[in-house]
Structures are given as C-alpha cells and as structure tokens.
1. Let's test the formula: R0 of 25 Å, r as the Cβ-Cβ distance of residue 217 and residue 144. What FRET efficiency results, to the nearest 0.05?
2. Cβ under 13 Å from residue 6's Cβ, residue 6 left aside: what net charge do those residues give with Lys, Arg +1 and Asp, Glu -1?
3. In nanometres, what is the gap between the two model label sites at residue 58 and residue 224, each 7 Å from Cα along Cα-to-Cβ?
4. Which angle between 0 and 90 degrees, to the nearest 10, do you get for helix 118-131 versus the longest principal axis of the chain when only C-alpha atoms count?
5. How large is the dipole of the chain about the Cα centre if only Lys and Arg carry +1 and Asp and Glu carry -1, each at its Cβ, rounded to the nearest 20 debye?
6. Projected onto the charge dipole of the chain (+1 at Lys/Arg Cβ, -1 at Asp/Glu Cβ, origin at the Cα centre), which of 207, 10, 112 gives the Cα projection farthest towards the positive end?
7. Could you please rank 114, 46, 137, placing first whichever residue has the fewest other Cβ atoms within 10 Å of its Cβ?
8. Note down the net charge around residue 107, summing +1 for each Lys or Arg and -1 for each Asp or Glu among other residues with Cβ under 13 Å from its Cβ.
Amino acid sequence: MNALIAITDLGFVYPGPPPVEALISVNLTVATGEYVALVGPSGSGKSTMLNVLGLLDRHTSGDYLLAGSDVLSMRDAERTELRSHSIGFVFQAFHLMPHRTAWENVSLALMYRKGISPSVRRERAVAALERVGLRDKVNAYPTQLSGGQRQRVAIARACVGDPALLLCDEPTGNLDSETATRVLEMIEELHAQGQTVVVITHDEAVAARAHRRIRVRDGRTEEID
Ligand SMILES: Nc1ncnc2c1ncn2[C@@H]1O[C@H](COP(=O)(O)OP(=O)(O)OP(=O)(O)O)[C@@H](O)[C@H]1O
Ligand SMILES: [Mg+2]
C-alpha cells in the first residue's frame, strides 16, 4: 500500500496548564487516494487530529510520516512549505479573510509557493473559483456571499494548489442540507481527481459517503468499517 499518512503510537498533549492529553497512542494509515471519515463525540480529539495531520500542530510523541517524510523532525519553515504544497483545508466556519476578496482569499493559498508570479496566482485563483461555480463572485468580499458560497470559496482555496491531501473539519456543519450536498459533491469531485480526503463529521449521512470510517473516542482511534 502506498501510504500518504502513516501514524504510529502518536500522542498529543495541550501544554495547559493543566495539560490535556488529547490524543493517546493513535495508529492510523491512510493510503493515497482514500476517502476517510473521522467520527466521534464532541471533545474526543477529532479537530486535534486534523490539526496534527495538517501540520498546524506538532505531535508530542510517536511517529507521523506524511508521504514518507518524518514531519516531527522538520523545522517550522519546512513544515510550512510542505503544508502549502501538500495540504488543503476546509473548515466549518470557512476561515476566510474578511478584508480580502474571493480571489484574494484563494490566491493566499499560493503565497508560500516559490516561483509563482502574482499574475499567475490571480489566474489560478480565478480558475479555481470558476470550477466551484463562482466566476461572477471573484471580486466579492466574504460578507457579500452566502454561507454556501463562502464554503465554495474555501474549497477553491483548498484545491488551488492541487494538494495531495484535503482535510475537512465539519465542512457542512454550517450549511443547509441542499447546500451541504453540493459542497460534498465538490469535495468528492476532488477525490475523484485523485486527492486523498479526510473529513471530520458528526453527521452520519456525511460519514456514510466516505469509503472508510474511523471513530475517535477519548483521544484514541478505532476502525469502524
Ligand atoms: N487549545 C486547547 N488547549 C487545551 N485543551 C484543548 C485545546 N483544544 C482542545 N482541547 C481539549 O482537547 C480535547 C479534544 O478536543 P478537540 O477539539 O480535538 O475535540 P473534537 O473531537 O474536535 O470536538 P468537537 O466535535 O466538539 O469539535 C478536548 O478535551 C478539549 O477540551
Ligand atoms: Mg472539533
């Protein structure tokens, strides 16, 4: 198996005080091209897991190899570089910059890429917005967009750099069911084009669409099916 994510005995402690052991001896392998859902109750460690997977937080014990690279031993700058090339994020609350237009928000995902000129960044951002059906909103600010449109901007931002891994934390949590379905279809199109997708969800219907489900409970993971 060609593992994109290979995690062994991974632990994560929020330093506190008081320290919180949020992940305990997690073992997880995700192959390139998989579509995996992480489910589990509030506080079980799902977002912590996503932050560690996405190199936003550094695990405190165990091993995490991303595409074969040991990410723990990397310097912050190396991790930022790897993250900007390899990982796209979609969050429940969209996390767009309020004073940037849609295309500026998308182009920010390419800021850490070397060798891409500002005009090419803009072209690629506009093309990504076209792919999610927002050609007419490229100059709109987030406050001028609906929730579903904001999430589509976030999806454009997540995929503009063509990352290997797409990490989604409750991507449909703030959307009505019809809009949620469209957002999931877009995520699934990216999966069909070869991206590996990990989606965190409370929603059974969202989890059911993934090809594999993993439960997070009290900081530990277990395969469901
Ligand atoms: N910044 C932090 N500092 C200290 N403890 C934290 C911090 N963030 C989360 N925790 C704790 O870590 C544990 C896991 O939290 P996490 O946010 O990963 O849960 P979750 O599964 O995403 O929950 P939810 O479904 O509510 O989003 C919880 O006990 C939480 O209180
Ligand atoms: Mg969470």
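1. That pair, residue 217 with residue 144, gives E of 0.05.
2. -4
3. So the two model labels end up 3.4 nm from each other.
4. Result, in degrees: 80.
5. Roughly 760 debye, rounded to the nearest 20.
6. Result: 112.
7. 114, 137, 46
8. +4
Read the figures in this text as sums done on the coordinates, not as results from a lab. All values derive from a computational prediction rather than experimental measurement. Neighbour counts are summed over all protein chains in view; Cβ atoms, including those assigned to glycine, are modelled from backbone coordinates with ideal geometry.
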